[in-house]
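Below: one structure, written as structure tokens.
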Amino acid sequence: MDYQAYFRAQLDGLKDEGRYRVFADLERQRGQFPRATRYKDGASHDVTVWCSNDYLGMGQNAAVTQAMHEALDKCGAGAGGTRNISGTNHYHVLLEQELADLHGKEAALIFTSGYVSNWASLGTLGSKMEDCVILSDSLNHASMIEGIRHSRAEKMIFKHNDVEDLRARLASIAPERPKIVAFESVYSMDGDIAPIKEICDVADEFGAMTYLDEVHAVGMYGPRGGGVAEREGLMDRLTVIEGTLGKAFGVVGGYIAASEALCDFVRSFSSGFIFTTALPPAIAAGAIASIRHLKGSEIERARQKERVAKVRASLDAAGIPHLDNPSHIIPVMVGDAKKCKWISDVLLDEYGVYIQPINYPTVPRGTERLRITPSPVHSDADIEHLVRALNELWSQCALSRAVA
């Protein structure tokens, strides 16, 4: 077999469909978010980032960067290895205490990413509880899907946010079997929000554990940034709350918050935790500072919510179609992979606007989109420039307009 020819042919197929991913070479400017410097063909120019998951700009927050500098000077660069052998640092302990407090749980356990925390936790729970069944929302993230697959537990997929379909599937399972209902609060591509209370009600009815992924909600919702479950007063109803440190908290890493016994169970049996080098102390210190800041400050969340409303109103005025949802995520719908990629390229090359195209397999074919995430520091001028650029490109592509 000609391996290299096979690789090239597969990549050419992606390019022909307009699904080939190109990474923009960007350098974030400290203190200037959402500005970044783009490098291309030996030249550079400034761009405005409109698709960052650093939703609140906390990656630029002075308290966060100062805490990281202090920890770096105090502890050095790395963690020294896995926590099991040489890498448990006092900052890890403090961070887990902060996260447990954020979610009103007995304990928390940190991982190197949100992907790893889902993969390791669901994989461990599903594999170690004999005869377990995991019920997964049909739009769950790839990390949850991979964790469930890795567990080799029986899997049932219920219709997205469909409580009655979930009830029917739970009713079909023998009562004595362990069960986990895995779902998300904010779904990142459509921006819709799960009926958490109703799902918990059904799970309780059939004796199932609940596993809630809040990665796109922590820091963003609730009086202290605990997520949608905190906002709705439901954190105590959930067996496991999973989150990330790499989005609204502005650094990197993932975690679960749950009972002391469950966290210790995952810590003790998960290969994805046991054999992975721990987060650097400086990262943990930055996360602690970010969580503490957002526990006490509503300024960033309020400003971000206002910016989202203004972007939506401006898009409506221009007739640019976007999915209506109750979250901070604005999916601008294109519906064609090649046009979506072309618009993204022109926005970056000619308008200095960076928004990555979202194509299949991340979203179904025919629903290709630009995923916009306004931040508290996007200005009125930024919004006007974005919408003007989209308006011009919509006309050039002869794309349909939304009817007011």
Inset, instruction - Quick one: in region 110-139, of everything that is in a loop (DSSP other than H, G, I, E, B) and in contact with a strand residue (DSSP E or B) (Cβ under 9 Å, 6 or more places away or on another chain), which residue is surrounded by the most Cβ atoms within 10 Å (Cβ to Cβ)? - result: 112
Legend entry - Lone qualifier among 174, 107 - being of a type in the set (A, V, I, L, M), open to solvent by 10 Å² or more (accessible area, probe 1.4 Å), over 18 Å from residue 241 (Cβ atoms) and at pLDDT 95 or above: 174
Inset, instruction - Specify the residue that is farthest from residue 202 (Cα to Cα); the eligible residues are those in region 140-168 that are open to solvent by 80 Å² or more (accessible area, probe 1.4 Å) and outside any loop (DSSP other than H, G, I, E, B). - result: 150
Legend entry - Positions within region 279-318 being of a type in the set (Asp, Glu) and part of a helix (DSSP H, G or I), in sequence order: 300, 306, 316
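I need the full set of residues from region 282-298 which are open to solvent by 70 Å² or more (accessible area, probe 1.4 Å) and within 22 Å of residue 191 (Cα to Cα), in order please.
Filtering region 282-298 down to residues open to solvent by 70 Å² or more (accessible area, probe 1.4 Å) leaves 292, 296, 298.
Matches in region 282-298: 298 only.
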Inset, instruction - Only one of these is aromatic (Phe, Trp, Tyr) and open to solvent by 60 Å² or more (accessible area, probe 1.4 Å): 273, 269. Name it. - result: 269
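With 202, 186 as the choices, which residue is of a type in the set (A, V, I, L, M, F, W, C), open to solvent by less than 20 Å² (accessible area, probe 1.4 Å) and over 21 Å from residue 168 (Cβ atoms)? Lay out the reasoning, then the answer.
Numbers: 202 fails: over 21 Å from residue 168 (Cβ atoms).
The conditions single out 186.
Please enumerate the residues belonging to region 351-376 that are of a type in the set (A, V, I, L, M, F, W, C), in contact with a Leu (Cβ under 9 Å, 6 or more places away or on another chain) and in a loop (DSSP other than H, G, I, E, B). So that I can check it myself, show each step before the final result.
Kept after step one, since they are of a type in the set (A, V, I, L, M, F, W, C), are these residues of region 351-376: 353, 355, 358, 363, 370, 372.
Subsequent filtering for residues that are in contact with a Leu (Cβ under 9 Å, 6 or more places away or on another chain) retains 353, 355, 358, 370, 372.
Once the filter is applied, which keeps residues that are of a type in the set (A, V, I, L, M, F, W, C), in contact with a Leu (Cβ under 9 Å, 6 or more places away or on another chain) and in a loop (DSSP other than H, G, I, E, B), region 351-376 yields only 355.
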Inset, instruction - Output the number of residues of region 173-197 satisfying the condition of being out of contact with any Lys or Arg (no Cβ under 7 Å at 6 or more places or on another chain), more than 26 Å from residue 367 (Cβ to Cβ), in contact (Cβ under 8 Å) with a residue 12 or more places away in the chain and not in a strand (DSSP E or B). - result: 4
Legend entry - Pairs, first touching a residue at least 24 places away in the same chain (Cβ under 8 Å) in region 107-121, second in a loop (DSSP other than H, G, I, E, B) and of a type in the set (Lys, Arg), C-beta under 9 Å, six or more apart: 114/247
Inset, instruction - Go through region 34-92 residue by residue and tally those that are assigned to a strand (DSSP E or B), over 30 Å from residue 273 (Cα atoms), open to solvent by less than 30 Å² (accessible area, probe 1.4 Å) and not basic (Lys, Arg). - result: 5
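The values are calculated or read from the model by the stated rules, or taken from the named source; none is laboratory data. Because the structure is predicted, anything quoted here is derived from the model rather than measured. So basically every Cβ, Gly included, is an ideal-geometry build from the backbone, and we count neighbours across all protein chains shown. Note: accessible area is taken over every heavy atom of the protein model, side chains too, but ligands, DNA and RNA are not part of it. Shrake-Rupley method; radii C 1.70, N 1.55, O 1.52, S 1.80 Å.
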